[in-house]
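The values are calculated or read from the model by the stated rules, or taken from the named source; none is laboratory data. From a predicted model like this one, the values you see are computed outputs, not experimental measurements. Reconstructed Cβ throughout: ideal geometry from the backbone, glycine too, with neighbour counts over all protein chains shown. Areas reflect the complete protein model, heavy atoms only, side chains present, ligands, DNA and RNA absent. Shrake-Rupley method; radii C 1.70, N 1.55, O 1.52, S 1.80 Å.
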Amino acid sequence: HQMRLTTHKRMGRLKDRIRAHVAPDQNTGCWNFIGPLQPNGYAKITYRRKTYWFHRLAYQAYYGVIPEGKEVRHRCDNRKCGNPMHLLTGTRTENMQDAVARGRIARGERLAAKRRGEKSNFAKLNWE
């Protein structure tokens, strides 16, 4: 969900809060979230009694409202990064195309290799 944008003073405090939860990586420029990550590798943060995906909140703090129908994508392909310079919006299709191009989603032979035998969704396992 989107954060309701408010005063410049409050946005300044939000930016301070975001920077307090990161460790900048000098090599990549990523602002890596400090703290536990979700099973999917992304970070969540609570702000004003609501929980947000960290990268989405960082985008909103620096750029404003996420356009309708858009997702926040990472240029750096680092799920725990909140550096606004590494974040951009795009469609779900663009986000999935990025994931395929970066090898994060198995397709073709890679997908078939992952799902053969016991790993197949259609495997029938028995006690023998």
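Okay, residues lined up against (1) in a helix (DSSP H, G or I); (2) in contact (Cβ under 8 Å) with a residue 40 or more places away in the chain:
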{"site": "67", "(1), (2)": "no, no"}
{"site": "85", "(1), (2)": "yes, yes"}
{"site": "88", "(1), (2)": "no, no"}
{"site": "93", "(1), (2)": "yes, no"}
{"site": "97", "(1), (2)": "yes, no"}
{"site": "100", "(1), (2)": "yes, no"}
{"site": "104", "(1), (2)": "no, no"}
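Do we find that residue 47 is modelled with pLDDT of 85 or more, open to solvent by less than 80 Å² (accessible area, probe 1.4 Å), under 14 Å from the mean Cα position of the chain (by Cα) and of a type in the set (Phe, Trp, Tyr) in this structure?
no
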